[in-house]
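The values are calculated or read from the model by the stated rules, or taken from the named source; none is laboratory data. Just so it is clear, the structure is predicted and the values come from calculations on it, not from any experiment. For neighbour counting, all protein chains shown are included, and Cβ atoms are generated from backbone atoms with ideal geometry for every residue, glycine included.
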2 protein chains.
Amino acid sequence: MALKAGGTRNLHARVIEEIGESIVSGVLRPGEPLPGESQLAEQMSVSRTVLREALKVLAAKGLIETRQKTGMRVRDPTFWNHLDADVLSWRCAAMPTEDFVEKLVEMREIIEPAAVMAAARRRSPEQLNAIGVALDAMEDAPDLDAWAAADLQFHDAVLVATNNELLSSLFSVIETALATYFVMSARTAKNFKYSLPHHRAVYEAIRRRRPNEAAVAMRTMIADSRANMRKGKRRG
Amino acid sequence: MALKAGGTRNLHARVIEEIGESIVSGVLRPGEPLPGESQLAEQMSVSRTVLREALKVLAAKGLIETRQKTGMRVRDPTFWNHLDADVLSWRCAAMPTEDFVEKLVEMREIIEPAAVMAAARRRSPEQLNAIGVALDAMEDAPDLDAWAAADLQFHDAVLVATNNELLSSLFSVIETALATYFVMSARTAKNFKYSLPHHRAVYEAIRRRRPNEAAVAMRTMIADSRANMRKGKRRG
DNA sequence: AAGATCATATTTGTCAGACAAATGACAAGT
DNA sequence: ACTTGTCATTTGTCTGACAAATATGATCTT
């Protein structure tokens, strides 16, 4: 486990990533004892100070466990902070199994309807307006890039309108991970606005404060985009 | 911000908690610049080494941001890892507003039905059996403590049966936070088994692989325990 | 021989001091 | 007024040392 050459970020950030990826990808097995701090620091050509800063962060993510005299051990995956953005991103990078993507998709399909329901219940007029603005931008989008930007804006506005930072935090983490796998689902350039009616339906339900209608509209949208995603996969 | 006297844990763990709580509770405002590392270390009577280990962890949780020359700043709450177990626990400790508890409850009401649906779809025979064992233990529980233990066992077994560590991780974090606020909802000692039929209904739905029935049963159970929870609040 | 007790070595935890690198602020020059 | 360059400040990194905890094995006791 030697540190990769390139990279201009902070040293400890690189160490965190290096070790974190090794653990999450399974190179370092759970229960396996890591070499001592001094030895590990030497292997990676960093000082023990920097190494320790990295180890504390990894311990905070639940990936490792340290005790005096015993040394460090990789913790069992049940203790990992699976919802941590880094852990998730390392899993995505590690050529994951198909079923991991399905788990992410399952999460999305739980969260998104719940999010629009919450937004329909609690959105303020200003928040509704922000969603409306995003929707207009989607409608007027001249090309795919503009549409993608407006789509992102729409989702963000809905997230804010939920007025529940736990929900939006979760949403954001899951979406980021999913974005690793799927290209924008409107790749077929000509009909990139195909999901506009669905977005409008969601907006209308939120405007009329109809949680159930919003959830139904969102589920319809998901079912629709599901098929499109199958075509547009990026890399195994 | 001086470090509290007592406590036998690691020094950096205490520093993490001290600063983390100050930030989450709002004593340190977002955007506010923290004193320099040297000065802060002196204030807390720890070495800069230890302080930095703590700062890196807090940065990983999204609470602070450090840049050379500029120093450290508290980040805007939108960047916090709201689903981090520590952040959540600090919020719970900080005499939170009522609406925070409602956000937690909302999360639970989203997750739990989804979890039992997933379990109904994908549980293995062994996982079903584990749920059944827990259910039997609940039924045979002679007193409140035994019942609480069996209840925990039941929930854990369902969690495992979802076969989605993202879901179970989320579940676990939210439940832990909620447990801070509510005493066991069966406080009225005599009828502490009142929710047994609900649990049995959930089990039956999972056994028969009926996701929708499982979700309905769970929602019924939640609605039922909602009322009980109102009575048993702990501390504002 | 078996078990309890203690010494020791190893590993993480903590500290102190130094220098490097980055960068905002300010002065000087055009 | 604008650019350029120096400087001071703050985080980033390294080094070496000692403290505290504890697994291991040796020693002592029964």
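Structure data summary
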read-out: Among the residues listed as A:Ala41, A:Ala13, the single one being within 13 Å of chain B (Cβ to nearest Cβ) and within 14 Å of DNA strand D (Cβ to nearest atom); value: A:Ala13
read-out: Test: B:Glu175 is modelled with pLDDT of 95 or more and assigned to a helix (DSSP H, G or I); value: no
read-out: Leading residue by the ranking (farthest from B:Glu17 (Cα to Cα)) among those in the range B:38-63 that are within 13 Å of DNA strand C (Cβ to nearest atom) and in contact with a Gly (Cβ under 9 Å, 6 or more places away or on another chain); value: B:Val57
read-out: Residue within the range B:13-21 that is over 24 Å from the mean Cα position of the chain (by Cα), basic (Lys, Arg) and under 25 Å from A:Gly62 (Cβ atoms) present; value: no
read-out: Selection from the range B:11-37 of residues that are of a type outside the set (Val, Ile, Thr) and near DNA strand C (Cβ under 9 Å from one of its atoms); value: B:Leu11, B:His12, B:Ala13, B:Arg14
read-out: Which numbered condition A:Gly71 misses (of (1) away from DNA strand C (no atom under 13 Å from the Cβ); (2) in contact (Cβ under 8 Å) with a residue 12 or more places away in the chain); value: (1)
read-out: Test: residue in the range B:141-164 that is in contact (Cβ under 8 Å) with a residue 60 or more places away in the chain and part of a loop (DSSP other than H, G, I, E, B); value: no
read-out: Inter-residue pairs, beta-carbon under 8 Å, first farther than 15 Å from B:Val74 by Cβ and within 9 Å of another protein chain (Cβ to nearest Cβ) and in the range B:47-61, second within 15 Å of DNA strand C (Cβ to nearest atom) and acidic (Asp, Glu), 6+ apart; value: B:Arg52/A:Glu53; B:Arg52/B:Glu37; B:Glu53/A:Glu53; B:Lys56/A:Glu53
read-out: Test: residue in the range B:19-34 that is more than 24 Å from B:Thr78 (Cβ to Cβ) and without any contact (Cβ under 8 Å) to a residue 40 or more places away in the chain; value: no
read-out: Unique residue being under 30 Å from A:Leu178 (Cβ atoms) and not polar (S, T, N, Q) when the list is B:Phe192, B:Phe154, B:Phe182, B:Phe171; value: B:Phe171
read-out: Residues (crowded, with 18+ Cβ neighbours inside 10 Å, farther than 18 Å from A:Trp80 by Cα and more than 16 Å from DNA strand D (Cβ to nearest atom)) located in the range B:44-87; value: B:Trp80
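Yes or no, residue by residue, for (1) more than 10 Å from chain A (Cβ to nearest Cβ); (2) surrounded by fewer than 22 Cβ atoms within 10 Å (Cβ to Cβ); (3) under 19 Å from A:Glu109 (Cα atoms); (4) within 16 Å of DNA strand C (Cβ to nearest atom):
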| position | (1), (2), (3), (4) |
| --- | --- |
| B:Ser89 | yes, yes, no, no |
| B:Met107 | no, no, yes, no |
| B:Val116 | yes, no, yes, no |
| B:Ala150 | yes, yes, no, no |
